Each structure stands twice: as C-alpha cells, then as structure tokens.
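A.B. asks: Below you will find the structure I want to go over with you.
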Amino acid sequence: MKISFIGGGNMATALIAGLVKGPGVQVHVVDPKPEALAQLAAQYGVTTAGSVDAMVASGDVIVLAVKPQQMREVAGALAPHLTGGPLVLSIAAGIRGADLSRWLGGYSAIVRTMPNTPALIKQGITGLVALQGVSEAQRAAADQVMRAVGQTVWLDDEALIDPVTAVSGSGPAYVFYFLEAMVAAAQEMGLSSEQGRALALATFSGATQLAAQSDESLEVLRQRVTSKGGTTHAAITSMEAAGVKEAIVAAMKAAAARGRELGEELGKD
C-alpha cells in the first residue's frame, strides 16, 4: 500500500510508526517544516516533500492530518491531483464530509475519522464513517491504516462522529482530569505526589482492564466494590449528591455540540 500524509504532526507520526512495521507499505509525507520531514525520513525511511504535488496522489491513500482550520486550503491544493482515484482519509475534527468533498471539487472517495491520543502508544480507538464514493477495498484500506494505532469502530451515520469525538476523541482529557483529582485528594490526605500518582494510575489501568475482560456490566462491577455502609459507598454517595454523573454527561454533550458548531463554522463559504 502506498500512503501519503499531508501533515507530519503527532498523530501522523503515530500512524506512520505503526504502518511502516507492516510489509509492503510505502509512506510519503508532506509538511512545510523541513526539520519535521528530516526527522521522519531518518526515523521511518519515508519520502518527503515541502508542498502538495502529484506524488501525493499517486498512491492508494491520502491521510489529511492537518488542523481543521487548514483543511480548506490543503484541499484546494490537493484537488487538481486526484486523478487516480485514491482514498482520502481525514482525521480532522469538525470537518464535515460534504464540505471536504466540495473543497476537493466534488470528490467523494472520502473516509472521515476521529482517532484519539492513546494512538501515540498504539492503544487508540478510532471512529470511522465512509462517504458514498468509497469502495469496499478503500474501506478495508482505511481500516488497515487506523488499526495501525489501535481499534476501530465503523459508523453508519456521519452525524455520530460528533458523539464519538465527545466520548473517545476528547475522552483521554476526562481521564487525565479525573486522575488529577485523585492525585490532589491523595496529597490532601497525606500521601506524596509520587505515591498518589502511582496509586491512581494503577487503579485506573487495572479497573479498565478488569472491565474490558469481564462479561458483566459496568454497573454490576461498580456495585461489587460498593458495600453498603462502607468506604466506597461513602464516596459514591458523595459523588451522586454532587451530581458528578450528570455533570460528566452534560460535559460530553457540550463537546459533541462544539464539534457540530466547528463543522458549521469551518464549512461556511
């Protein structure tokens, strides 16, 4: 598979690192920063260019790994080169498929994705949705690209990308936020920062793995730790009184709404 990346930032680098380990994968990277290109070439053996040219579209897949605010300009530069019918795979938040297709001159072989930052350690998860112009072979190629850094979840409706962004795209920040609170509480109760961090990280990681390997619901798993009248019950009761669950749900809905707003703002003519 021949894959071109437009943008050589952290997510692109994570994908490249996973892809080059596979057999028969050739990677080309376009980025305006010479130092970034030099590092990618030295570390992963990729070919590079400072701007979009015909070579970008000569392969099977083009990954658009630029900031949402840069997407319209990049699409305009790319559009004249899409003569060979490559798959265009976008990892930009908020950019709607219809707008990207329009900027690409009506091109519709597009898969929109939403990965998350654990992709940097190949523990990510990506939501994907294909536009109507995507073939089964291109769908499989998109899946192969994103599985280089973790799991994939396919969607039937592009409108669900915004909830995916709210749950998993932004999700790592919620986890870090909760961990920050756990460490802060540990310190207030007399533990050192190092002790609190070690306890919080191991607890979160262990609980997540337990949930992933269990056939029981999250509610049942929680109830098994929460003996009535015990210490955990006191903690959960306090959280419920403070409306923690409701606040988390509201926050995630706000993230999804912002994703929709970004699509409307960035898609305006």
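A.B. asks: Given a Förster distance of 35 angstrom, what is the FRET efficiency for Asp269 paired with Phe204, based on the Cβ-Cβ distance and rounded to 0.05?
C.D. replies: Once rounded, the FRET efficiency stands at 0.20.
A.B. asks: Given contacts defined as C-alpha pairs under 8 Å and at least six residues apart, what's the relative contact order of the chain, whole-number percent?
C.D. replies: 15 percent
A.B. asks: For the chain, compute the number of Lys pairs whose alpha carbons are separated by less than 18 Å, excluding pairs fewer than 8 positions apart on the same chain.
C.D. replies: Going through the chain pair by pair, I get 5.
A.B. asks: Write down the percent of antiparallel bridges among all DSSP beta bridges whose residues are both part of the chain, to the nearest 5.
C.D. replies: Antiparallel bridges: around 15 percent, rounded to the nearest 5.
A.B. asks: Just flag the GluC sites (Glu not before Pro) in the range 201-269 sitting in loop per DSSP whose Cβ has no more than 15 other Cβ atoms within 10 Å.
C.D. replies: Qualifying residues, ordered by number: Glu216.
A.B. asks: Computed from these coordinates, which is semi-axes √(5λ) of the Cα gyration tensor in Å: (1) 39, 21, 17; (2) 29, 21, 18; (3) 32, 24, 16?
C.D. replies: Among (1) 39, 21, 17; (2) 29, 21, 18; (3) 32, 24, 16, the one calculated here is (1).
A.B. asks: Then there's this: Tell me the relative contact order for the range 1-64 as a rounded percent, counting alpha carbon contacts under 8 Å between residues six or more apart.
C.D. replies: Averaging sequence separation for qualifying contacts and normalising by length gives 46 percent for the range 1-64.
A.B. asks: To continue, here is another question. At most 11 other C-beta atoms within 10 Å and a DSSP loop state: those are the exposed trypsin sites (Lys or Arg not before Pro) I care about. Give me the longest piece of the chain that has none.
C.D. replies: 22-227
A.B. asks: Tell me, what are the semi-axes, in whole angstrom and largest first, of the equivalent ellipsoid of the range 188-232 as set by the roots of 5 times the Cα gyration tensor eigenvalues?
C.D. replies: For the range 188-232, the semi-axes come out at 24, 16, 5 Å.
A.B. asks: Could I ask something else about it? Rounded to the nearest 0.05, what FRET efficiency do Leu221 and Arg139 have when you use their Cβ-Cβ distance and R0 = 41 Å?
C.D. replies: The calculated FRET efficiency here is 0.75.
A.B. asks: Quote the relative contact order of the range 111-269 in percent (integer), defining contacts as alpha-carbon pairs under 8 Å separated by 6+ residues.
C.D. replies: 21 percent
A.B. asks: Using only the alpha-carbon atoms, what does the range 171-260 span along each of its principal axes? Please give whole angstrom values in decreasing order.
C.D. replies: Rounded to whole Å, the extents work out to 43, 31, 29 Å.
A.B. asks: Could you point to the residue in Phe178, Pro34, Val111 farthest towards the positive end of the chain's charge dipole, with +1 and -1 charges on the Cβ of Lys/Arg and Asp/Glu respectively?
C.D. replies: Pro34
Each value in this text was obtained by applying a stated rule to the coordinates, not by laboratory testing. Note that the structure is predicted; figures quoted are calculated from it, not measured. For neighbour counting, all protein chains shown are included, and Cβ atoms are generated from backbone atoms with ideal geometry for every residue, glycine included.
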